[in-house]
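Colleague: Dropping a structure here in structure tokens format, bear with me for questions.
Here, each number is a calculation from the coordinates, and none is a lab measurement. Bear in mind that the values here come from a model prediction, so they are computed numbers and not experimental data. Ideal geometry is used to build each Cβ from the backbone, glycine not excepted, and the neighbour counts take in all protein chains shown.
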Amino acid sequence: MFLCAAVAQAIDSRQALEKAASLIQQGKLDEAAKEFEAELALNPRAAPALYQLAYVRLQQHEPEQAVPLLTKVLEQKPSYADAHYELGKALLEMNDVPAAIQHLELATKMQPAESYGFYQLSIAYRRAGRAADAEQALRTYQDLKDRNPHKPSS
């Protein structure tokens with residue numbers, strides 16, 4: 001009986017996350033946030049819901065709300081490159097440049113074929129006064145974009 005309830009909860013959880021993702025695509029960020037928050041009320045450690053809610057908060061230009069969510073994700077999944085990338089972006093938006101660089105460097109090391117991390121890293125390096133590093137990161141970004149012109153950048 002317990003197994004059936006657990007399976008039903010997992011299905012409900014997946015459906016709620018899919019609904020919230022659809023709301024994001026429709027630009028209904030407030031509604032999506034409510035869906036993720038409802039999921040987190042049931043399962044506070046649900047990494048997908050934490051990550052997606054952080055993404056919504058970043059889209060709403062609320063990095064101070066995204067940072068603790070992404071930190072919780074990385075406590076569970078320290079090798080989650082996209083969470084490092086989003087945390088780096090959030091920290092950069094909050095002008096915590098040294099911490100942003102740390103997370104963006106991790107993201108680009110974990111996903112060296114993804115151009116978007118190098119672009120954000122170039123911005124962070126420039127803000128830190130590291131012009132040579134910024135130029136190198138920007139060159140890497142452009143090289144990756146040139147090799148994969150149809151791949152979207154974030």
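Colleague: Return the lysines within reach of residue 145: Cα separation strictly under 24 angstrom, same-chain partners fewer than 8 residues apart disregarded; answer none if there are no such residues.
Modeller: Straight-distance partners of residue 145: 89, 109.
Colleague: Let me ask something else about it. Given the C-alpha centroids of the stretch 65-91 and the stretch 117-135, what is the distance between them in whole angstrom?
Modeller: Using only Cα atoms to place each centre, the spacing works out to 20 Å.
Colleague: What does the charge dipole of the chain about its Cα centre add up to, to the nearest 20 debye, if the Cβ of each Lys and Arg holds +1 and the Cβ of each Asp and Glu holds -1? Walk me through the intermediate numbers first.
Modeller: Numbers: 17 positive and 20 negative charges, 64 e Å.
Roughly 300 debye for the chain.
Colleague: Counting only C-alpha contacts under 8 Å and six or more residues apart, can you give the relative contact order of the chain as a whole percent?
Modeller: Once divided by the residue count of the chain, the mean separation gives 12 percent.
Colleague: Would you compute, from DSSP H runs of 4+ residues alone, the mean residue ellipticity of the chain at 222 nm, taking -39500 (n - 2.57) per run and dividing by the full residue count, rounded to the nearest 500?
Modeller: Per the formula, -26000 deg cm²/dmol.
Colleague: Test of understanding: what is the full-extension gain from residue 26 to residue 71, defined as 0.36 nm times their sequence separation minus their Cα-Cα distance?
Modeller: That pair, residue 26 and residue 71, stretches by 13.5 nm at full extension.
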